[in-house]
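The values are calculated or read from the model by the stated rules, or taken from the named source; none is laboratory data. Just so it is clear, the model here is predicted, and its values are computed rather than measured. Note that each Cβ is placed from the backbone with ideal geometry, even for glycine, and that neighbours are counted across all protein chains shown.
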Amino acid sequence: MGVRVRPKSGLARTMYDLRLWIRDTIPGTGRRLRYGERSEHLAARHLKWRGYKIIARNFRAAGAEIDVIMMDRDTLVFVEVKARMSDGLGPPELSVDDRKQYRIRRAAEIFANRYHRQDLAQERPMRFDVVAISGDGRGRRVEHLKGAF
């Protein structure tokens, strides 16, 4: 892995400093943050390779974050990425409970109303998928659950 260079100014530097502060202050979070970011990147790459087109990443609204927003032909797809290094707590997709689904749906409505529908004359169908990632390194398993909720 290469050496990270601290950004000189702006939002990138603030985010870099915040990430370092979290990593150094809260035990164990440094590895989890990197694992989560790697997992989201892997999921986006996995879906892009299967023909999906990335519209947005890490969209925040209504108290939720939608990890990846993509187009699958004419369907707007909202993807929640869940990753666990082991199945000790159960499969990752089970952590998308009713409360999380409700928040993601609200954020998806806001995204559709704010950005997507103004560009289109007709409404597009929407779908909610979950990408579950288990393990780390070469033993990693990626499972795409279409229409998960």
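Quick notes
- Complete set of residues in the stretch 53-105 that are closer than 13 Å to ARG127 by Cα and charged (D, E, K, R): ASP72, ARG73, ASP74, GLU80, ARG105
- The criterion of at least 1 residues that are over 19 Å from GLY135 (Cβ atoms), modelled with pLDDT of 85 or more and among the hydroxyl-bearing types (Ser, Thr, Tyr) is met, among helices (runs of 4 or more DSSP H) falling completely within the stretch 1-111, by 98-111.
- Check on ALA112, more than 27 Å from ILE22 (Cβ to Cβ) and not charged (D, E, K, R): yes
- Selection status of ASP129, among the charged types (D, E, K, R), closer than 21 Å to ALA43 by Cα, surrounded by 11 or more Cβ atoms within 10 Å (Cβ to Cβ) and in contact (Cβ under 8 Å) with a residue 40 or more places away in the chain: yes
- Listed by first and then second residue, the pairs with beta-carbon distance under 8 Å, at least 6 apart or on different chains, first residue in the stretch 58-72 and touching a residue at least 24 places away in the same chain (Cβ under 8 Å), second among the small types (Gly, Ala, Ser) and assigned to a loop (DSSP other than H, G, I, E, B), are ASP72/GLY51.
- Filter result for PRO92 (surrounded by fewer than 11 Cβ atoms within 10 Å (Cβ to Cβ) and over 25 Å from TYR16 (Cβ atoms)): no
- Scope the stretch 57-75; condition more than 10 Å from the chain's Cα centre (by Cα) and either of a type in the set (S, T, N, Q) or surrounded by 12 or more Cβ atoms within 10 Å (Cβ to Cβ) (or both); matching residues: ALA61, ALA62, ALA64, MET70, MET71, ASP72, THR75
- Residue in the stretch 40-54 that is of a type in the set (A, V, I, L, M), under 16 Å from the mean Cα position of the chain (by Cα), loosely packed, with under 15 Cβ neighbours inside 10 Å and on the phi < 0 side of the Ramachandran plot present: yes
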